[in-house]
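The values are calculated or read from the model by the stated rules, or taken from the named source; none is laboratory data. Given the structure is predicted, the values throughout are model-derived calculations rather than measurements. Because the Cβ atoms are built from the backbone with ideal geometry, glycine has one as well, and the counts that use them run over all protein chains shown.
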Ligand SMILES: CC(C)(COP(=O)(O)OP(=O)(O)OC[C@H]1O[C@@H](n2cnc3c(N)ncnc32)[C@H](O)[C@@H]1OP(=O)(O)O)[C@@H](O)C(=O)NCCC(=O)NCCS
């Protein structure tokens, strides 16, 4: 099984049994408003559909690698890398309301970016944040991403409208591998 360890956080593939926890953590207006594909309110049926597509051995299907971020065996956040081009991966994440401002997003963003570069063969990582969510921009800055200067309109399901989205990028050549992020690959 793929596993990423960074300090006390363990990132592992999603399991079908995670549905109740995702239903709880995702039913949060801040998560819905600041991501593109999370409805609000977020129902148990939404969570069941989410884990059905990504749990039970489906990690990596559709070139999408989604991790449950756990601390002491409890899911506190979610993050992923999604292939959008041959060797280009889009990084995304959210952190549960009770776990913010502890550095979890920063460490998680670094971890999935390192996973994309080292395990998926990415040459470029990309990311975006809604213009009215500068906290996420600072997370990406700390993870090494640079603004492209481009702003695009992206739809947010939670808002029901398009939102100005700042785009960022990070080339493999500019990424500093951290020995504190330990990846155990599936065939290890
Ligand atoms: C945006 C979001 C991901 C940030 O997650 P987070 O885990 O709180 O992020 P971090 O803890 O790494 O950084 C947030 C702030 O906490 C600060 N911080 C980190 N550890 C801290 C600590 N121990 N004590 C106090 N503050 C701390 C960071 O310096 C940072 O400050 P800044 O906003 O002034 O830069 C989270 O609020 C979230 O999930 N929001 C909803 C969904 C979302 O926005 N997803 C991102 C889509 S692009």
Which listed residue, of 23, 19, 77, is closer than 19 Å to residue 182 by Cα, at pLDDT 95 or above and in contact with a helix residue (DSSP H, G or I) (Cβ under 6 Å, 6 or more places away or on another chain)
77
Out of the residues in region 52-72 that are within 15 Å of the chain's Cα centre (by Cα) and part of a helix (DSSP H, G or I), state the one that is surrounded by the most Cβ atoms within 10 Å (Cβ to Cβ).
54
Could you say whether any residue in region 42-62 is over 26 Å from residue 120 (Cβ atoms), without any contact (Cβ under 8 Å) to a residue 12 or more places away in the chain and within 16 Å of the ligand (Cβ to nearest atom)?
no
Counted residues, region 92-106 - those being free of Cβ contacts under 8 Å to residues at least 60 places away in the same chain and out of contact with any helix residue (DSSP H, G or I) (no Cβ under 6 Å at 6 or more places or on another chain)
7
Take the conditions farther than 24 Å from residue 8 by Cβ and either more than 13 Å from the ligand (Cβ to nearest atom) or over 15 Å from the mean Cα position of the chain (by Cα) (or both) and apply them to residue 90. Does it pass?
no
How many residues are part of a helix (DSSP H, G or I) and closer than 21 Å to residue 164 by Cα if we restrict to region 22-41?
5
Quickly run through region 108-120 and pick out the residues that are touching a residue at least 40 places away in the same chain (Cβ under 8 Å) and within 11 Å of the chain's Cα centre (by Cα).
108, 110, 111, 112, 113
Which one of 167, 159 is in contact with a strand residue (DSSP E or B) (Cβ under 8 Å, 6 or more places away or on another chain) and either surrounded by 13 or more Cβ atoms within 10 Å (Cβ to Cβ) or not in a loop (DSSP other than H, G, I, E, B) (or both)?
167
Among (1) buried (at least 19 other Cβ atoms within 10 Å of the Cβ); (2) within 13 Å of the ligand (Cβ to nearest atom), where does residue 132 come up short?
(1)
